[in-house]
Amino acid sequence: MKTKLFCGCPSDYRGKKPNTNVCPVCLGLPGTLPVVNKKAVEYAVMAAAALNCKINHKILFFRKNYFYPDLPKNFQISQYDRAGGLPIGTDGYVEIKVKNAKKKVRIGRVHLEEDPGRLTYLGPIDRSPYTLVDYNRSGIALLEIVTLPDLNSPKEARILLRKLRSILEHLGVFDGSLEGAMRCDANVSIEGGSRVEIKNISSFKEVERALTYEIIRQRDLLSKERRVLRETRHWDERRRVTISLRTKEEEQDYRYFPEPDLPVFLLDDTFIKNVVSSMPELPDARIERFKKMYGLPEYDAEVLVADKRIADFFEECVKLYNQPKKISNWVMSDVLRYLYENNLEIHESKLSPKHLVEMIKMIDEGEISGKIAKKVLPEMIVTGKDPREIVKEKNLLRISSIQEIKALIKTVFEENRKAVEDALKDEKAIHFLVGQVMRKTRGRADPELTHNLIKEELDKLKKAN
Amino acid sequence: MLSAREIVSRVKSGELKVTEIVESTFDRVSKTEDRLNCYVTILQEEALKRARLLDESASKGKVHGRLFGVPVAVKDNICTKGVRTTCSSRILANFKPVYNATVIERLEREGAVIIGKTNMDEFAMGVSTETSYFGPTRNPWDLTRVPGGSSGGSAAAVAAGEATVALGSDTGGSIRCPASFCSIVGLKPTYGSVSRYGLIAYANSLEQIGPMARDVYDCALLFSVIAGHDPRDSTSVNLKPKDYTVFLREEVKGVKIGVPKEFFGEGTQKVVEETVWKAVHKLEDLGAEYDTCSLPSLEYALAAYYIIAMSEASSNLARYDGLRYGYSEEFTDTDWFTYIAKVRRNGFGPEVRRRIILGTFTLSSGYYNRYYLKALKVRTLIRMDFEKAFKRFDVLAAPTMPTPPFKLGEKIENPLELYMCDIDTVPANLAGLPSISIPCGFTTSGLPVGLQLIAPPFREDLLFRVAYTFEKNTGYVKEEPEVI
Ligand SMILES: [Zn+2]
C-alpha cells in the first residue's frame with residue numbers, strides 16, 4: 001500500500017531522515033482529522049477472506065486511549081470487538097503443516113489500526129539515558145491478526161508465521177522484504193501459570209527464541225513453586241532475555257469508544273464479492289498447481305511456495321527453461337542453503353533466473369560439471385555475474401580435448417608408478433588415477449572421457465607386457 | 001457601522017478602499033479593546049498588508065470574492081497558518097499551526113481580511129469566556145457582565161464593531177449563547193455542513209464552526225462562504241455549495257412554528273419567557289402559525305450532552321503532553337508520565353482539568369455502559385423526538401438562553417450552575433440540527449434577549465428566511481451597545 005492509513009503520506013519511510021515522512025494528520029496536530037484510505041479497507045477485507053474469516057459489513061473505528069510518546073495523539077485509532085465495535089474479519093482459520101500432519105489454527109479477528117511512531121533507545125531499553133521519537137512510521141496501516149491459543153510449541157509459532165507471511169505476500173497486501181513490515185506479539189501460557197505477552201520481536205527466528213526462553217523461564221519459576229505473573233514482557237534481542245514491562249495490575253484501561261471523526265461505513269455485498277473475486281492465487285492453491293503443472297513432489301512445492309519470492313523466482317526460471325525438476329533441485333538445495341547459511345533473502349541476492357537457467361543449461365550441454373556449477377553458484381549469488389563469464393575468468397570450462405587429457409595422463413602415470421601397477425592388477429584402482437587427473441584440472445576434465453582414455457592407456461600397457 | 005454586504009458593494013463600486021475599512025476597524029479596536037478584551041491576538045500589521053494587496057488588485061479591476069475587504073474575526077480554536085492559535089489555554093499559548101483550517105482557506109479565497117483571533121473559554125469549555133487563560137471578555141452592553149461563551153470574544157467583537165463578522169464554534173451553544181448575550185445573529189449549522197478540518201476539537205461529534213454577524217444577511221453570506229463539502233473531514237456532508245442570501249425574503253406566511261414547553265423550564269427567567277413569546281406572536285402577526293408541543297426526552301439532554309462532550313474531550317485533549325509543541329516544563333530526572341502529568345496540571349485551567357477527569361471516568365471500563373453508552377441512547381431518543389416534532393412543524397422556537405447575561409464572577413465558582421446555562425442550546429447539538437439565535441428584545445435594564453430557531457437538517461435556508469422576516473419587521477438589530 002502506497003499511503004498511510006489516514007493521510008496521504010507515503011507508507012515507505014525506510015531510509016528517510018527521522019520525522020520527515022510526516023504531515024499534520026499523522027503528527028496528530030491540533031485540528032487535524034483522519035480520512036480512511038479505501039485501499040487499506042480493501043486489502044484488509046482480502047486478507048480476512050484469505051484467512052477464512054467472516055467479513056463484517058460495518059466498518060467502525062474505535063479510539064484506544066493511552067499515553068505513550070510514540071503516539072502523537074496519545075490515542076490510537078483501531079478497531080474493537082466489544083462495546084458495539086466490530087473488527088473487519090472474525091472467526092477464521094489458517095491451515096499449517098506440523099510433522100506432515102495438517103493442523104488448523106483459529107483466527108479470532110483481523111482488524112485495521114494505525115501504527116505508532118518508533119522509539120529509539122541508547123542501548124538496552126532499561127538502561128537508556130534518553131528516548132528519541134521518530135514519527136515517520138506513525139499512521140501506517142497495520143493489519144492485526146489475532147490467533148486463538150492453538151499453538152503448542154515455539155516451532156509451530158514459526159511455521160504459522162511463515163504461512164501467514166506467504167499468504168499475505170501472495171495477496172500483495174504487504175512487502176515482507178521490508179524491515180518491520182511484519183511484527184509479532186507472542187503470548188505464552190503454560191499449565192499452572194498465567195498468560196505472558198512478549199513484545200518487540202523482530203523476526204521469525206526471534207519469535208522462536210523468545211518463546212523458547214520464556215517457556216524455560218516460566219517452567220523454572222513453577223518448578224521452584226513461584227508464581228508466573230500475568231504481565232507484558234519485552235524481548236531483548238541482544239541479551240536474549242525477556243524483561244518485564246508491566247504487570248496486569250499496571251495494565252491500562254484503554255477507554256475504548258467509537259472514533260467520532262470517522263463515521264461508520266458500510267461495505268455492500270458487491271464490494272466484498274469484487275474484492276474476494278479479484279483475490280490472487282493463494283499458497284495452498286499454488287502448491288497444488290506446482291504439483292500438477294510441474295510434476296513436483298509435495299515437499300518441493302511446499303518449500304518453494306513457503307516464500308512467495310522463491311516461488312516466483314522458480315517460475316521465472318521454468319519459463320526460460322522447461323526443466324522444473326532440475327530447477328527446483330538447484331533452488332531448493334544449493335540456492336536456499338547458501339541463502340540460509342549467509343542469512344540472506346532471495347531478493348537480497350543478485351542471482352537472476354536467467355543466470356541460474358544458463359548455468360543449468362551449461363551442465364546439460366556438458367560444458368561444466370555439476371561440481372563446477374556448485375563452485376560457480378555462490379559467486380553468481382554474490383556478484384550477479386553471468387555463469388559463462390565466471391567460468392571463463394576462472395578457466396573452469398570442461399577439458400574435452402583428447403590430446404590435452406592424454407598429456408595429463410602421461411604425467412600422472414609417471415608420477416604414480418605404483419598406482420599404475422595396482423591398476424594393471426586391479427580394475428578398481430583406476431579411480432585413483434582418474435582422481436589424479438581431475439585434481440590436476442581442478443575438476444575440469446571430462447570424467448567419462450578421462451576414465452576411458454586411462455583405460456585405453458592401461459590396456460596398451462597390458463598388451464605391451 | 002457598515003455591514004459586510006455594504007462593504008463589498010462599496011469596495012466594488014470604488015467608493016471605499018479596503019485599507020480605509022480595515023483602518024477604521026482598528027480604530028474601533030483601539031477605542032474599545034482595553035475594556036472588552038475580545039482578542040487574544042490582533043493582526044494589525046498582517047491585516048493592513050492584506051488590505052493594501054486587495055486594494056491593489058481592486059485598482060486593476062480585480063474585485064473577486066463574496067467577502068472582498070470584509071474584516072473578519074476568527075475564534076482562537078480555528079487554526080491559522082503561522083499565527084498562534086491558543087484555544088485561550090496556557091498549554092497552547094505559543095502554538096503556531098503549520099496549516100490553515102479549511103474555513104480560513106475559504107475566507108481568504110473570498111477576499112476576507114482577518115483582523116485577529118478572538119478570546120474564548122479555554123478549549124471552548126464554558127458559557128461566559130471567563131475560563132480563558134488570557135482573562136475574561138466583557139459584554140459590550142454592560143461591562144460588568146459576561147458576553148456569553150465560549151465564542152464570547154467573537155460575539156463581543158462583532159457587537160462592538162471590532163470586526164464586521166466573525167467565526168465561532170458551537171459544541172453545546174458556544175455560538176448561540178454569546179450571540180444572544182451580545183444581541184447579534186449566530187448560526188450553529190447542521191452537523192457536517194461546515195468542515196471541521198482545522199478546528200481544534202473539544203467534542204467532535206457535537207461541534208460545528210459557524211457564522212456570527214450583526215444581521216441575518218451577513219450571517220447567511222458568511223455561511224455561504226464556509227459551508228460545503230471537504231474531503232479532509234470525513235463527517236462533512238457532500239452537498240453542493242449554495243448562496244444562502246437568495247433565500248432572504250420577508251415571508252413567513254404558513255410557516256408552522258412549534259414551541260416546545262421543555263425550553264421554558266424551571267431556570268428560565270420570566271423576562272426571557274415573555275420576550276420570546278412576544279417574538280413568537282410577532283411572527284404570528286407576520287403570517288406564521290404556532291402551537292406548543294413537547295419533546296419529553298429533552299429532560300435528559302443536558303446530562304447526555306455533558307457525558308458525551310467530556311468523554312470525547314478527555315481523549316481529544318490527551319495529545320497536549322508538552323513533548324512536541326505547546327507549553328512544556330523543565331525536564332527533570334523522572335519518567336515521562338510524571339513529566340506529562342506536570343505539564344498538564346500546569347498547562348490546563350481548572351475547568352478543563354475537571355472535564356478531562358470526568359470524561360476519563362465516564363469512559364473507563366465498568367462505567368462506560370452506565371454513562372457513555374446510555375448517553376448515546378438518550379441522543380438517539382432526542383433525535384427521534386425532533387424528527388417527530390418536524391413532522392408537525394417547520395421550525396421550533398425557544399429561548400436561546402434561560403437568562404439575560406449574568407455578572408462576571410457570578411457563576412464561575414459554581415460549575416453546575418454554569419452547566420445549567422446550556423440547557424436550551426445542547427439539544428440542537430445532540431441532534432445535529434441547524435439552530436440560529438437572533439436578537440429579539442431587551443430587558444428593562446437594557447440587557448439583550450435572544451430567540452432561538454431550530455430547523456430540520458440542512459434547512460438553514462428556512463432559518464434564515466424566518467429570522468430575516470423577523471429582523472426586517474423589528475428594530476432590535478439597529479440598537480448599538482453604549483460602549484461604542
Ligand atoms: Zn501524514
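All of the numbers you see were taken from the coordinates with simple rules; none came from a lab. For clarity, every value in this text was computed on a predicted model and none was experimentally measured. Cβ sites come from the backbone with ideal geometry, for glycine too, and all protein chains shown count toward neighbours.
Observations, loosely collected:
- Cβ-Cβ distance of A:Thr20 and B:Lys96, R₀ of 22 Å, FRET efficiency by 1/(1 + (r/R0)^6): the value works out to about 0.65.
- Calculated mean residue ellipticity, 222 nm, chain A: -12500 deg cm²/dmol, from DSSP H runs (n ≥ 4) at -39500 (n - 2.57) each, averaged per residue and rounded to 500.
- Gain on full stretching of the segment that runs from A:Lys392 to A:Glu288 - 0.36 nm per residue minus C-alpha separation: 33.4 nm
- Scanning residues 5 or more positions from A:Ala445 or on other chains, those with amide H under 5 Å from its amide H are A:Ile399, with H placed 1.01 Å from N in the peptide plane.
- 0 to 90° range, to nearest 10: angle between helix A:204-223 axis and chain A longest Cα axis: 70 degrees
- Dividing the mean sequence gap of close Cα pairs (under 8 Å, 6+ apart) by how many residues the stretch B:68-121 holds gives a relative contact order of 49 percent.
- Antiparallel bridges, percent of DSSP beta bridges restricted to the protein assembly as shown (to nearest 5): 80 percent
- Chain B: antiparallel DSSP beta bridges as a percent of all, rounded to 5: 65 percent
- In the calculated pair-distance distribution of the stretch A:281-393, the portion above 23 angstrom amounts to 25 percent of the Cα-Cα pairs.
- Spatial separation of Cα centroids for the stretch A:342-384 and the stretch A:56-125, in angstrom: 42 Å
- Its residue count N fixes a reference of 2.2 N^0.38 Å for the stretch A:183-246, and the Cα radius of gyration divided by that reference is 1.03.
- Each of B:Val98, A:Val105 was scored by other Cβ atoms within 10 Å of its Cβ. Arranged with the fewest first, they read B:Val98, A:Val105.
- Taking amide H as placed 1.01 Å from N in the peptide plane, B:Lys256 has its amide H under 5 Å from the amide H of B:Glu289, B:Asp394, B:Val395, each at least 5 places away in sequence or on another chain.
- The trypsin sites (Lys or Arg not before Pro) of the stretch B:188-289 meeting both criteria, a DSSP state outside H, G, I, E and B (loop) and at most 12 other C-beta atoms within 10 angstrom of the site's C-beta, are B:Arg249, B:Lys253.
- In terms of other Cβ atoms within 10 Å, A:Phe314, A:Phe413 run from fewest to most in the order A:Phe413, A:Phe314.
- Listed residues B:Pro402, A:Val412, B:Ile340: farthest to the positive end of the dipole of the protein assembly as shown (Cβ charges): A:Val412
- The alpha carbons of the stretch A:350-465 give a radius of gyration and a Dmax of 16.9, 57 Å, in that order.
- What the pair-distance distribution of chain A shows, using all Cα-Cα distances binned every 20 Å from zero, is 19, 42, 24, 12, 3, 0 percent.
- Most simply put, the stretch A:183-246 has about 70% antiparallel DSSP beta bridges, counting only bridges with both residues inside it.
- Relative contact order (%) - criterion: Cα under 8 Å, at least six apart; region: chain B: 18 percent
- Neighbours of A:Gly123 by Cβ distance under 13 Å: Lys/Arg scored +1, Asp/Glu scored -1, total 0.
- Surrounding net charge for A:Lys103, when Lys and Arg each add one and Asp and Glu each subtract one, Cβ distance under 11 Å: +3
- Solution diffusion estimate, µm²/s, Stokes-Einstein, the protein assembly as shown, Kirkwood Rh from C-alpha pairs, 37 °C, viscosity 0.692 mPa s: 100 µm²/s
- Angle in degrees between helix A:283-294 and the longest Cα principal axis of chain A, rounded to the nearest 10: 20 degrees
- Computed magnitude of the charge dipole of the protein assembly as shown (debye, nearest 20; Cβ of K, R +1, Cβ of D, E -1): 3120 debye
- Taking Cβ atoms as reference points and 13 Å as the exclusive limit, the residues near A:Arg158 contribute a net charge of +4, counting Lys and Arg as +1 and Asp and Glu as -1.
- The stretch A:184-336, relative contact order in percent, only Cα pairs under 8 angstrom and at least six apart counted: 13 percent
- When the chymotrypsin sites (Phe, Trp or Tyr not before Pro) in the stretch A:1-78 are filtered for DSSP coil states and for at most 15 other beta-carbon atoms within 10 Å of their beta-carbon, the remaining sites are A:Tyr66.
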